[in-house]
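The values are calculated or read from the model by the stated rules, or taken from the named source; none is laboratory data. As the structure is a computational prediction, the values presented were derived from the model and not from experiment. Every residue, glycine among them, receives a Cβ derived from its backbone with ideal geometry; neighbour counts consider all protein chains shown. Note: accessible area is taken over every heavy atom of the protein model, side chains too, but ligands, DNA and RNA are not part of it. Shrake-Rupley method; radii C 1.70, N 1.55, O 1.52, S 1.80 Å.
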Amino acid sequence: MSVADDIQHGIRANLGQFAHQLFQVLLVGMTIGMMRTVVPALAESEFGVPRGSFALLVAFVVGFGFVKGALNFVAGRLAESWGRRRVLLLGWVTAIPIPLLIYFAPSWDWIVVATLLLGVNQGFTWSMTQTAKLDLTRPDQRGLTIGFNEFAGYIGVAIAGIATGYLAAELGPRTGLLIFGLAVIGLATLTTALFIKDTLPWARKEKPMAAATGEALHPRYPAGVSAKPSTGEIFTLVTWRDRRFFAICQAGLVEKFVDALIWVFYPVYLYGKGVSLPGIGWIVGVYGFTWGASQLVTGRLSDTWGRQKLNVAGMWVCGGGVALMLLGEGAAWWSFSAAVSGLGMAMLYPNLSAAIADISAPHWRASAIGTYRFWRDLGYGIGALGLGLAAASTHSIEGAFLFVAASMALSGLGLAILGEETHPRLNPAIHHVVGLPRGDYLRGAPQGDYLRGVPPEPTFSAQPRLEVRVISQTVPGGRCGLYTGYGQALARHMGARFQLDISAERDAHGHGFPSIWINGSPLQPSDGLIVMPNDIMAVLGANGIGADDDLGPALDAEIAKMLHEGG
């Protein structure tokens, strides 16, 4: 039996592989976490960064952001041809030199190079662990799935920050980071090679989400997407052509300003206040632990409450925590402020990703997630530049904090205005059927087959235009059911706009009942009785419309279905 024959979706059905993927993302978080406490705090004393040189200090995060953003997009495209496992393994192999570069670094330039490699590693590994979990699970578990993913990752970040703080204090910063880094990266590479399966077959077998009534719940996928979209098509769609994707991407980009601030300036700010390296690790760790643990709740909540409200509120709560940092003194206050930011981040972080997944069709979802993650992680680079400029222009680190708080407030407002709910249960796609009141079901139709006239899969645009219309006197059955199945197959595979008319007129515009029309012209059955798949293929060819390889079998399946039902 092949893997594809034995595929089931859901966390429980894939618990073993899901757990392996969670362990992987824990190690991904620990890899970036080892760079977030010791390196910035000791930039001056250990690596020669001059005091007050904000531009040089943020350079390593700028480089990381641009590289990680670009590699997120590359990883998404590679994953659809290479598979998820190979990309994940490549990401771990890329990380092997990082601890060595830090250990032997004669200057800050080596740290920048190490961080560029870290960007490659994170772009490949974090993208693939998230995509793989979404492949394995059901659409109604996406919020919980990403909550688990980010929980494991950011718990890893927090653990690494604390552990490297203690190791640096005991063994010295270079030796501590070398031992920790080689142990984590070596373990990750070995376990990927031995235990991780490729989840691409799960993505190809994904089915629509079903409501309690049995109705298929179809997400509001964007219209006008090709059956086999190009890299440029997906990039422009997610970046600006779809308003919802644009709203999510800009929020993702700006929220990374917070993470850049906590990475670059929190350790410097706290070290300047006299906090020890382990103490910095614990305060920054509060942010990571709160963020990570809370995502187990907020991810699940979004599967019930929806994504949009949590995302907007999270932007404002997270930015408020940044502002609070400046309003008090002492470890307790700074820890509380970090916890508020962590809670806000937990509200928005998994659910921005879940919203992207909601409205991305399975066959181009990895590319859409990669594009979103490109813009989101570009926020490290853009945010770090903004932090440096804000600190330099105000001659204080506090200016960077205010810049981030204001950016989060404005971005949250933009998300509230431009975004919408994406959860398919709370805001499903509805295809109105002509002849019935809006929102009504086709009563008497087989449960889930013709409800609301929604085709069972996302629609993709074909060129030239393709519109399919079926006219019937009664609810689909027999030949009308066959023709409706043809229309749905054309919607699935060719991006056709499908319309079912329940008409009370004496005949179907002189062509009898039922009838099927393509681009305004009725199809004539070659046998004089029933329109057959060959008739449809001939009309498509005459209109210059090339059919994909799966259309013919899909049309044949509708004939077989009618014969089986005794139609």
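Table for the structure above
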{"quantity": "Reciprocal of mean inverse Cα separation for the chain (Kirkwood radius, Å)", "calculated": "25.2"}
{"quantity": "Mean Cβ neighbour count within 10 Å, used as a protection proxy, ranking 334-345, 552-563 highest first", "calculated": "334-345, 552-563"}
{"quantity": "Potential extension, R465-A392 segment - 0.36 nm per residue separation minus Cα distance", "calculated": "20.8 nm"}
{"quantity": "Cα-based convex hull volume of the stretch 1-146 per residue, rounded to whole Å³", "calculated": "121"}
{"quantity": "Student exercise, the stretch 230-427 dipole from Lys, Arg, Asp, Glu Cβ charges, in Debye to nearest 20", "calculated": "240"}
{"quantity": "DSSP beta bridges in the chain [antiparallel fraction, %, rounded to 5]", "calculated": "50"}
{"quantity": "Solvent-accessible surface (1.4 angstrom probe) belonging to L482, in square angstrom, nearest 10", "calculated": "0"}
{"quantity": "Peptides 320-326, 45-51 ordered by average Cβ neighbours within 10 Å, highest first", "calculated": "320-326, 45-51"}
{"quantity": "DSSP H segments from the chain that extend 27 Å or more along their own axis, Cα-based, with Kyte-Doolittle mean of -1.0 or above", "calculated": "54-79, 108-136, 142-171, 173-195, 243-272, 277-305, 331-358, 365-394, 398-418"}
{"quantity": "Projected-area average for the stretch 281-411 over all orientations - Cα convex hull basis, square nanometres", "calculated": "8.6"}
{"quantity": "Whole-number percent relative contact order across the chain, with pairs defined as alpha carbons under 8 Å at least 6 apart", "calculated": "18"}
{"quantity": "When each of K228/K309; K197/K309; K133/K273; K133/K309 is checked by Cα-Cα distance, pairs over 31 Å", "calculated": "K228/K309; K197/K309; K133/K273"}
{"quantity": "Dipole of the chain, positive end: most advanced residue of I369, Q8, L387 [Cβ charges, Cα centre]", "calculated": "L387"}
{"quantity": "Debye, to nearest 20: dipole size of the stretch 224-309, +1 on Lys, Arg Cβ, -1 on Asp, Glu Cβ", "calculated": "200"}
{"quantity": "Dipole moment magnitude, nearest 20 debye, the stretch 8-202 about Cα centre, only Lys, Arg, Asp, Glu C-beta charged", "calculated": "460"}
{"quantity": "The stretch 230-427: relative contact order as a whole-number percent, Cα under 8 Å and 6+ apart", "calculated": "37"}
{"quantity": "Label-point gap, in nm, between F104 and L22 - each point 7 angstrom along Cα→Cβ", "calculated": "3.9"}
{"quantity": "Exposure of K273 as accessible area (Å², to 10), given a probe of 1.4 Å and all protein chains", "calculated": "90"}
{"quantity": "Charge dipole (the stretch 8-202, unit charges on Cβ, about Cα centre) - positive-most of T125, A183, V62", "calculated": "T125"}
{"quantity": "Accessible-area ranking of S411, S230, largest first, probe 1.4 Å", "calculated": "S230, S411"}
{"quantity": "Heavy-atom SASA rank of F289, F64 (probe 1.4 Å, accessible area, largest first)", "calculated": "F289, F64"}
{"quantity": "Probe 1.4 Å, all protein chains present, accessible-area order of F148, F66, largest first", "calculated": "F66, F148"}
{"quantity": "Local electrostatic count at D198 - Lys and Arg +1, Asp and Glu -1, tallied over other residues with Cβ under 10 Å", "calculated": "+3"}
{"quantity": "Lysines with Cα under 18 Å of K68, excluding same-chain neighbours fewer than 8 positions away", "calculated": "K256"}
{"quantity": "With DNA, RNA and ligands ignored, accessible area of W126 (1.4 Å probe; Å², nearest 10)", "calculated": "10"}
{"quantity": "Cα centroid separation - the stretch 342-365 against the stretch 33-105, whole Å", "calculated": "23"}
{"quantity": "Positive-end residue, the chain charge dipole about Cα centroid, Cβ charges, pick of L551, I162, V254", "calculated": "I162"}
